[in-house]
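Notes follow the structure.
Taken together, the values in this text are just the output of simple stated rules run on the coordinates, not laboratory data. This structure is a prediction, so every number in the text was calculated from the model and none was measured. Heads up, the Cβs are rebuilt from the backbone with ideal geometry, glycines too, and the neighbour counts pull from every protein chain shown.
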Amino acid sequence: MAIHVGDKVPSATLKVPSADGIKDVTTDELFRGKKVVLFAVPGAFTPTCSAKHLPGFVQNADAIRTKGVDTIVCLAVNDAFVMGAWGKDQKVGDKVVMAADGNGEFTRALGLELDGSRFGMGSRAQRFAMVVQDGVVKALHVEAPGKFEVSSAEAVLKGL
């Protein structure tokens, strides 16, 4: 069953690339006492994710932060090295935290996994965005398969 508005985000450990190497970051650390926009993509370097989803959050990061958001997180079921390389390729800088859910444990705990095996991608995250306040989901926007509408940076910004 998928997570819902009003639910507490499950505890998990994500891998985040940094200037000092790969760091473990727990969801408790990520969300506690903060307002966070987390968006998930099916895969780094994939067409819609690279052309629209991540760039939209990079371009709108300042506007999103003016709405009281402390952190913007991009999540994918990829390894931290891929997420780091994708962040560099997309010139993310410090605008978006590139979080790797390499084994998909957090994604499964959210109930938002996607079976991409027919595309040779295995288990991935569905495309979604959520607003989390102090560990509790305040808004959740899950895309229909093959769509990119409700989880865009522009859509999230309108809802903040």
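Taking every alpha-carbon pair under 8 Å whose residues sit at least 6 apart, the stretch 1-40 reaches a relative contact order of 29 percent. Net charge in the neighbourhood of Asp101 (other residues with Cβ under 13 Å of its Cβ; Lys, Arg +1, Asp, Glu -1) is -1. Near Phe148: Cβ cut-off under 9 Å, other residues only, Lys/Arg at +1 and Asp/Glu at -1. The net charge is +1. For the pair Asp62 and Ala155, a Förster radius of 25 Å applied to the C-beta separation gives a FRET efficiency near 0.90, rounded to the nearest 0.05. Considering the dipole of the stretch 13-159 built from charges on the beta carbon (Lys and Arg +1, Asp and Glu -1) around the Cα centre, which of Val37, Val150, Thr26 is farthest to its positive end? With unit charges placed on the Cβ atoms, the residue in question is Val150. Estimated purely from DSSP H runs of n ≥ 4, each contributing -39500 (n - 2.57), the mean residue ellipticity at 222 nm for the chain is -6000 deg cm²/dmol once divided by its residues.
Which order do the peptides 86-99, 4-17 take when ranked by the mean count of other beta-carbon atoms within 10 Å per residue, highest first?
Details: 86-99: 17.4, 4-17: 15.8.
Descending packing order for the listed peptides: 86-99, 4-17.
What ratio of Cα Rg to 2.2 N^0.38 Å holds for the stretch 7-76?
Working: Rg = 13.0 Å, N = 70, 2.2 N^0.38 = 11.1 Å.
Rg over 2.2 N^0.38 Å, computed on Cα atoms: 1.18.
The charge dipole of the chain, taken about its Cα centre with unit charges on the Cβ atoms of Lys, Arg (+1), Asp and Glu (-1) only, comes to about 340 debye.
Comparing Asn60, Met130, Ala99 along the charge dipole axis of the chain, the residue lying farthest to the positive side is Asn60, per the Cβ-charge model. Placing one equal scatterer on every Cα of the stretch 82-160 and applying the Debye formula, the log10 ratio I(q)/I(0) at q = 0.12 Å⁻¹ is -0.41.
Extent along the principal axes, Cα only, for the chain: 38, 36, 29 Å, with the longest axis given first.
Using the Cβ atoms and a cut-off under 12 Å, what net charge is assigned to the surroundings of Asp70, where Lys and Arg are +1 and Asp and Glu are -1?
It works out to a net charge of +4.
DSSP finds beta bridges in the chain, and of those with both partners inside it, around 70 percent are antiparallel. Between Ala19 and Asp134, the distance separating the two model label sites (each 7 Å from Cα on the Cα→Cβ line) works out to 3.2 nm.
Between Phe45 and Phe119, full extension at 0.36 nm per residue minus the direct alpha carbon distance yields a gain of 25.2 nm. For the listed residue pairs Lys35/Lys138; Lys35/Lys88; Lys8/Lys138; Lys67/Lys138; Lys35/Lys67; Lys23/Lys67, the alpha carbons are over 18 angstrom apart in Lys35/Lys88; Lys23/Lys67.
Restricting the trypsin sites (Lys or Arg not before Pro) of the stretch 21-80 to loop positions (DSSP other than H, G, I, E, B) with no more than 16 neighbouring Cβ atoms within 10 Å leaves Arg32, Lys34, Lys67. In the chain, Cα pairs under 8 Å separated by at least six residues give a relative contact order of 31 percent.
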